[in-house]
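Scroll down for the structure; my scribbles are underneath it.
The values are calculated or read from the model by the stated rules, or taken from the named source; none is laboratory data. As the structure is a computational prediction, the values presented were derived from the model and not from experiment. Here the Cβ positions follow ideal geometry from the backbone for every residue, glycine too, while neighbour counts run over all protein chains shown. The accessibility values were calculated without ligands, DNA or RNA, using every heavy atom of the protein model including side chains. Shrake-Rupley method; radii C 1.70, N 1.55, O 1.52, S 1.80 Å.
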Amino acid sequence: MADHRLLRLVPEQAETTVEEAVRALDLVGQAHDDRPYVITNFVLTLDGHATTAGRSGPIGSDADTAMLVGLRTRVDAVMIGAGTMRTERYGRVIGDQAERERSEREGLPHDPLMVLVSGRLDVPWDAPLFTAGGGRVLIFTHSDAEPPETATKLRIERHEGAVDLPRALAQLRRERGVRALLCEGGPQLHAQLIDADLVDELFVTHAPKLAGGTGPGLVSGLAERERPLELASLLYEPGTGELFARYRTGAR
Ligand SMILES: NC(=O)c1ccc[n+]([C@@H]2O[C@H](COP(=O)([O-])OP(=O)(O)OC[C@H]3O[C@@H](n4cnc5c(N)ncnc54)[C@H](OP(=O)(O)O)[C@@H]3O)[C@@H](O)[C@H]2O)c1
């Protein structure tokens, strides 16, 4: 992982780096008995948008990407909704072989399980996640459609009517041994997880820019109710002015 110098502003001021901040996280050690410890990661503009021109990629800097990739190395599974998969066309979760080997040495998976949530099973089967052949993918869906052959190991888990997220997380914990899970969005999936009290921490990168337009924000369709958050840490990237905030929800 290319390292990036940061200033920690909260809890106490200190110099640090993305690498150091990520390595200090013990997420798998906080697994709940009945579901994984769940963190989410988003990058947002000052006006609260999660996309510019329909994509999240242009919002964050290289330091933001390093933080995201670093978080992937601290969990057993990464979850995204089908909308994010259709837009961002993911590849293998940890692209770097040396990083995969290091994760394994530290008691984490060589390849975190990639979990997709898709009602219609309408996903881009030609994306590198499915064609590259490395890693493992699990799709929760309520569709009866059959997936095509994929080079990457794929399993489908079907729910009736809609994907029941509490049940999906319980299955991941019980049947797949997932201790910690990183949800990378998008806003619709994020809102449902928060509404169901399934998110323990939010990692939010605040990028010092305005996007304008009508792109979605951190959540789409969240039920209206004030939910106080605790600011657990705040890191500042002097080169870009980005702020990396870590919030605790207090969900069990
Ligand atoms: N800034 C950031 O950090 C960030 C992060 C992630 C995404 N994004 C952006 O957000 C946009 C996508 O937003 P989005 O809210 O549409 O994406 P999303 O939450 O990833 O996907 C929504 C889709 O997920 C499936 N889904 C979610 N919950 C379900 C449930 N309970 N049961 C069955 N299916 C369920 C449905 O798939 P089907 O349509 O297959 O039924 C639904 O249409 C993209 O432009 C992406 O770039 C930004």
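Below is a table of values for the structure above.
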item: Mean Cβ neighbour count within 10 Å, used as a protection proxy, ranking 33-46, 81-94 highest first; result: 33-46, 81-94
item: Fraction of antiparallel bridges per DSSP, the chain only, in percent to nearest 5; result: 40
item: Per DSSP, loop GluC sites (Glu not before Pro) in the stretch 5-65 with at most 14 further Cβ within 10 Å; result: GLU12
item: Separation between Cα centres of the stretch 178-193 and the stretch 52-121, rounded to whole Å; result: 12
item: Residue-normalised accessible area of the stretch 97-252, given per residue in Å² at a 1.4 Å probe; result: 48
item: Cα convex hull of the stretch 135-252, projected area averaged across orientations, nm²; result: 10.6
item: Apportionment of accessible area to carbon and sulfur, the chain, percent (1.4 Å); result: 49
item: Tail weight of P(r) past 18 Å, computed on alpha-carbon pairs of the stretch 116-162, percent; result: 22
item: Overall Cα dimensions of the stretch 68-198 - principal axes, largest extent first, Å; result: 41, 33, 26
item: Calculated FRET efficiency for the pair LEU229/ASP122, C-beta based, R₀ 25 Å, to 0.05; result: 0.15
item: Tensor-based shape of the stretch 1-112 (alpha-carbon gyration tensor, a/c under 1.5 rounded, otherwise prolate or oblate); result: rounded
item: The chain: radius of gyration over Cα atoms, expressed as a fraction of 2.2 N^0.38 Å; result: 0.97
item: Cα→Cβ-extended label distance, 7 Å offset, between SER143 and GLU20, nm; result: 4.6
item: Per-residue [θ]222 nm for the chain (sum of -39500 (n - 2.57) over DSSP H runs n ≥ 4, rounded to 500); result: -6500 deg cm²/dmol
item: Length gained when the stretch ALA53-THR131 is fully extended (0.36 nm per residue, less Cα-Cα span); result: 25.4 nm
item: Residues of the stretch 23-46 with amide N under 14 Å of the 7 Å Cα→Cβ point at ALA196; result: 34-39
